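Since the structure comes first, as structure tokens, the remarks are kept for the end.
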Amino acid sequence: MGDIKDSDLTGLIKAKSSAPLGDAHELYARAILMRLGFEVGKVDLSAGPFDLFLVVYTAPKGDKKLLRVQIKTISSSLQLQAGSRGGIDRTYNSDVKVYKYDETHNDLILGVDTHTLDIYIFPTRFAKKYGKSIGKGKISILKNNWDILKNWNPKYLSNLENKL
């Protein structure tokens, strides 16, 4: 698809903060998942730790599992924390609101690359090995790796995690 980083023709995304870009990436991820045949549900509470519900498969059995999914916009790295968004509450006096994702918050983080629209499929259980973020180069095997969603089981995820 090429580099689309300069696609904000109206200038509104930069003028209004990054929220419209995040909304666009959430819609994009939902559309791609639906196009691939997955069942996807929108969460209407935008301030929560997940944006979507997604039904994945637990091969080899083929059973279904419902996951809580957080959508993140990424440029050079995938952020593994939340609570630091700007907007009206841009000034912070402490790190009280900032937290790192774990499996109590969501099950999966989908990082949409702002330049290419590639989707990095990052199981939240992997976050414990990393700090506040992880560079795209370190998770390249997760880029558009739809097999993760067709093989959501402990053995497959452990093998994948060991490759990172």
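Some points to look at:
- All strands (runs of 3 or more DSSP E) inside segment 29-85 with 2 or more residues being crowded, with 17+ Cβ neighbours inside 10 Å and among the aliphatic types (A, V, I, L, M): 52-57, 64-74
- For segment 126-164, the set of residues classified as in a helix (DSSP H, G or I) and β-branched (Val, Ile, Thr) consists of ILE139, ILE141, ILE148, listed by residue number.
- Members of segment 110-125 that are among the hydroxyl-bearing types (Ser, Thr, Tyr), within 13 Å of the chain's Cα centre (by Cα) and part of a loop (DSSP other than H, G, I, E, B): THR114
- Contact map, segment 20-33: first residue under 16 Å from LEU45 (Cα atoms), second residue surrounded by 20 or more Cβ atoms within 10 Å (Cβ to Cβ), Cβ cut-off under 6 Å, separation 6 or more or different chains; pairs are GLU26/ASP51; GLU26/ILE71.
- Segment 132-148: number of residues that are surrounded by fewer than 21 Cβ atoms within 10 Å (Cβ to Cβ) and either touching a strand residue (DSSP E or B) at 6+ places or on another chain (Cβ under 8 Å) or among the aromatic types (Phe, Trp, Tyr) (or both): 10
- Residues that are within 23 Å of GLN70 (Cβ to Cβ), at pLDDT below 90 and of a type in the set (D, E, K, R), drawn from segment 9-45: LYS16, ASP23, ASP44
- Selection within segment 91-128: residues that are among the aliphatic types (A, V, I, L, M) and either in contact with a Leu (Cβ under 7 Å, 6 or more places away or on another chain) or at pLDDT 90 or above (or both). The member of this set that is farthest from ALA31 (Cα to Cα) is ALA127.
The values are calculated or read from the model by the stated rules, or taken from the named source; none is laboratory data. All values derive from a computational prediction rather than experimental measurement. Here the Cβ is made from the backbone with ideal geometry for all residues, glycine too, and neighbour counts use every protein chain on show.
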